[in-house]
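The values are calculated or read from the model by the stated rules, or taken from the named source; none is laboratory data. Nothing here was measured: the structure is a model prediction, and the numbers come from that model. No Cβ is skipped: glycine too gets one built from the backbone with ideal geometry, and neighbour counts run over all protein chains shown.
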Amino acid sequence: MKLLTRSIIASACLGLAACSQPAETPLNGAWTVDGAESHFSFVTVKAGAIAEAHSFGSVTGSVSADGAAQIDIDLDTVETNIDIRNERMREFLFETDSFPTATVTAQLDPSVFAQLGVGESVTQPVTATLNLHGVENDVDAELSVTRIGPDKVLVATTEPIIINADSFDLGDGVEKLRELAGLPGITPQVPVAFSLVFTR
């Protein structure tokens, strides 16, 4: 489930990149994630057929002038709409006492978005590094970047990003959740989607 976090974070970084332009471009400046206008969600599938949507309540991040981007997801803010399931995910899946945050970093090319005007958008592939549950892996995503105002950029996934729990040593946690819930199975592949707004 957490894997989806990485994809999300990767896309967020791209959006920030759009905002970090050379001094002579209209997107020049420091950009940060607007948590109130951003949304990050993932879907889990249990018993082979029951899909449920979840989200994280806190995503922060920034992009520097040279295109260095970092996005942080507070894993303690996971929201599944069931209190006991939130607690179990924090304790047994994400193990937030030891790994409270998922972090995505990327080096972006500001020149790609230098001519992006208000109301214009561009679709770009991005590769980012996701640090989740003590494991680092590269994550690829395709993102739609739209400049929605002079000081705002919206970054969203063009299609769900599939994250595999086993790639981040989350397989044991998924199995523990399955046992506690008395389920025949929980699918380890998780689709992740997000829309992140960055402001200058």
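Observations
- Test result for Ser111, modelled with pLDDT under 90 and surrounded by fewer than 22 Cβ atoms within 10 Å (Cβ to Cβ): yes
- Hits in region 91-109 (condition: in contact with a helix residue (DSSP H, G or I) (Cβ under 6 Å, 6 or more places away or on another chain) and either among the charged types (D, E, K, R) or part of a helix (DSSP H, G or I) (or both)): Phe92, Leu93
- Asp151 being under 19 Å from Gly35 (Cβ atoms) and among the acidic types (Asp, Glu): yes
- Test: Val155 is closer than 24 Å to Ile71 by Cβ, touching a strand residue (DSSP E or B) at 6+ places or on another chain (Cβ under 7 Å) and part of a helix (DSSP H, G or I): no
- Ile71 being assigned to a strand (DSSP E or B), surrounded by fewer than 18 Cβ atoms within 10 Å (Cβ to Cβ) and in contact with a strand residue (DSSP E or B) (Cβ under 7 Å, 6 or more places away or on another chain): no
- Pick from region 141-152, criterion without any contact (Cβ under 8 Å) to a residue 40 or more places away in the chain and in contact with a strand residue (DSSP E or B) (Cβ under 8 Å, 6 or more places away or on another chain), ranking: surrounded by the fewest Cβ atoms within 10 Å (Cβ to Cβ): Glu142
- Check on Ser62, buried (at least 16 other Cβ atoms within 10 Å of the Cβ), over 20 Å from Gln189 (Cβ atoms) and either at pLDDT below 95 or more than 17 Å from the chain's Cα centre (by Cα) (or both): yes
- In a residue-by-residue description of region 173-188, the property of being on the phi < 0 side of the Ramachandran plot and in a strand (DSSP E or B) applies to at least one position.
- Region 75-96, residues that are among the acidic types (Asp, Glu) and surrounded by 17 or more Cβ atoms within 10 Å (Cβ to Cβ): Glu95
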